[in-house]
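Visitor: Before anything else, here's the structure in question.
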Amino acid sequence: MPSNKLSVNLVFALAVVALGLTAATFAYLNRNHPQVRPAAAQEATGSPPPEKALSIDAENKLAVLEQMSAKDPENGAYPAQIANIYYDLGQYGKAADFYRKSLNIKPGDPNVETDLATCLHYMGQHEKALETLDKVLGYSPNFSQAMFNKGIVLIQGGSDVRGGIAVWEELLKSDPAFSKRAGLEQRINQLKAAAK
């Protein structure tokens, strides 16, 4: 009888561990990837953040996502999540490839397309980044993150400070609750003061 109880407890413990791993994988795959914003170093110097080495944790996450993507190739969320990992590692070329793959499966996702534009900007393809952001703003005219990123690309990538300020001022009008409002207003005032 005691060994029977031990077997039941062991099976129960294994089931709990399996459920925990499943829940952790599900939580990771469905996390809200933070909106792409240039790192402080990039804003200050105009250069992209440095590339990071692929950690064991990132390798494991990529392996899980690649398996899930292979099992469900019509799900654009998996390539987007793979792209997010490469983006976070500063591997913008790989990230851009997976963002494109996601968009081929599910076109018109403003978050994915804005992230792609940011990769293009970091890769020095400022015109393509602007084209992509303009496309997003064409079908989602008040998408705050695309407007924010467009201002950055105009200022840093195209040296169009006035154009960048104009986009940011429009952003602040269209989204009064913009999460980075105070910092953005301060940056606009600094740019205007420097232009005088």
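Visitor: Just need a number here: residues in segment 175-190 that are of a type in the set (Lys, Arg) and assigned to a loop (DSSP other than H, G, I, E, B).
Guide: Number satisfying all stated conditions: 1.
Visitor: State which residue pairs qualify: first residue free of Cβ contacts under 8 Å to residues at least 12 places away in the same chain and inside segment 177-196, second residue surrounded by 10 or more Cβ atoms within 10 Å (Cβ to Cβ) and in a helix (DSSP H, G or I) in any location, beta carbons under 7 Å apart, and separation of 6 or more residues or different chains.
Guide: As it stands, the answer is 181/172, since those pairs meet every condition given.
Visitor: Could you check residue 100 against (1) within 30 Å of residue 169 (Cβ to Cβ); (2) modelled with pLDDT of 95 or more and say which number it fails?
Guide: (1)
Visitor: What number goes with the only condition from (1) closer than 25 Å to residue 155 by Cβ; (2) free of Cβ contacts under 8 Å to residues at least 24 places away in the same chain; (3) not in a helix (DSSP H, G or I) that residue 99 does not pass?
Guide: Only one criterion in (1) closer than 25 Å to residue 155 by Cβ; (2) free of Cβ contacts under 8 Å to residues at least 24 places away in the same chain; (3) not in a helix (DSSP H, G or I) is unmet by residue 99, namely (3).
Visitor: Could you tell me which numbered condition residue 189 fails, if it satisfies all but one of (1) among the polar types (S, T, N, Q); (2) farther than 28 Å from residue 89 by Cα; (3) touching a helix residue (DSSP H, G or I) at 6+ places or on another chain (Cβ under 7 Å)?
Guide: Evaluating residue 189 over (1) among the polar types (S, T, N, Q); (2) farther than 28 Å from residue 89 by Cα; (3) touching a helix residue (DSSP H, G or I) at 6+ places or on another chain (Cβ under 7 Å) leaves (3) as the failure.
Visitor: Only one of 60, 104, 75, 111 is in the same structural domain as residue 158 (by TED's automatic domain parsing) and under 29 Å from residue 180 (Cα atoms); which?
Guide: Being in the same structural domain as residue 158 (by TED's automatic domain parsing) and under 29 Å from residue 180 (Cα atoms) holds for just one of 60, 104, 75, 111, which is 111.
Visitor: Please give the number of the condition residue 119 fails out of (1) more than 19 Å from the chain's Cα centre (by Cα); (2) part of a helix (DSSP H, G or I).
Guide: Answer for residue 119: the failing condition is (1).
Visitor: Can you find a residue that is assigned to a helix (DSSP H, G or I) and more than 21 Å from residue 109 (Cα to Cα) anywhere in segment 125-146?
Guide: No, there is no match, as no residue in segment 125-146 is assigned to a helix (DSSP H, G or I) and more than 21 Å from residue 109 (Cα to Cα).
Visitor: Just checking, how many residues over segment 143-165 are touching a residue at least 24 places away in the same chain (Cβ under 8 Å), surrounded by fewer than 19 Cβ atoms within 10 Å (Cβ to Cβ) and more than 15 Å from residue 118 (Cα to Cα)?
Guide: 2
The values are calculated or read from the model by the stated rules, or taken from the named source; none is laboratory data. Remember, it's a predicted structure, so these values are computed and weren't measured experimentally. Counting neighbours? That spans all protein chains shown, and the Cβs are built from the backbone with ideal geometry, glycine included.
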